[in-house]
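Here is the structure we will look at, set down as structure tokens.
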């Protein structure tokens, strides 16, 4: 190999080797993420976008060796958090997937210093869909109980002149007693669907009514449906 060719090849090999060497020296400071790391570095620490695999797994933004920014953290137990991080802790808006009472559960909300502090929505509830339904009112009765109960309102008063009632809920025990209609022992966030038939304002036709809604904040809730 002539001298000129050597001078061209050896710097190229060195250039290709240095990033790999630097990558091996890049450290993740979170104890359960120490192991393998692929991504951006700064001064020997994970910094920027990267992926770390140790006892747990993380894919997302790093700063000075810790999750910081937006990322997805998966625990060895199968639980997962997708959202915002600050200095290695959940901090900001995010979604937490976990197991409770033998089934998959999810919490949407805001974290501060790794502690859940509540929903991040401007309102703790949302109407996803409505058909032939007027005003919807969500009233939180207390924090001590967990249920979602429904009231049907016509002309300002509670009315039971409906038929073909069909309820669906993401959790809880359905109850359609004379006292109330809804779900007892509900878990939140709660997703519900209500379908029923009712006469129109002139009692000249039967309307098919439907409401789909979500309640994010735990508690005892009454949903009043005006039709």
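Throughout, read-outs are computed from the coordinates displayed, never taken from laboratory work. Keep in mind that what you see is a predicted model, and the values were worked out from it rather than measured. Every residue, glycine as well, gets a Cβ built from its backbone with ideal geometry; the counts of neighbours run over all protein chains shown.
Some observations on this one:
- Sorted fewest first by neighbouring Cβ atoms within 10 angstrom, 143, 61 come out as 143, 61.
- At 1.306 mPa s and 10 °C, Stokes D of the chain from Kirkwood alpha-carbon radius, µm² per second: 74
- Mean residue ellipticity, 222 nm, helices only, the chain: the sum of -39500 (n - 2.57) across DSSP H runs of n ≥ 4, divided by residue count and rounded to 500, is -3500 deg cm²/dmol.
- Taking the convex hull of Cα positions in region 17-105, its mean projected area over all directions (nm²): 5.6
- Mean Cα-pair separation over length for region 125-226, i.e. relative contact order, pairs under 8 Å, 6 or more apart, %: 46
- The order of 137, 226, going from fewest to most other C-beta atoms within 10 Å of their C-beta, is 137, 226.
- Highest average packing first - 173-183, 207-217, 36-46, Cβ atoms within 10 Å: 207-217, 36-46, 173-183
- For the chain, the longest principal axis of the Cα atoms and the long axis of helix 3-24 meet at an angle of about 40 degrees.
- Using C-alpha pairs under 8 Å with a sequence gap of at least 6, the mean separation divided by the residue count of region 24-102 gives a relative contact order of 19 percent.
- Over the chain, relative contact order from alpha-carbon pairs under 8 Å, at least 6 apart, %: 14
- Within the chain, antiparallel bridges make up roughly 90 percent of the DSSP beta bridges whose residues both belong there.
- Ellipsoid equivalent to region 108-161 - semi-axes via the Cα gyration tensor, in Å: 30, 15, 8
- Taking other Cβ atoms within 10 Å as a rough exposure proxy, 148, 106 sort from fewest to most as 106, 148.
- Two-site label geometry, residue 72 and residue 27: point separation in nm, points 7 Å out along Cα→Cβ: 2.9
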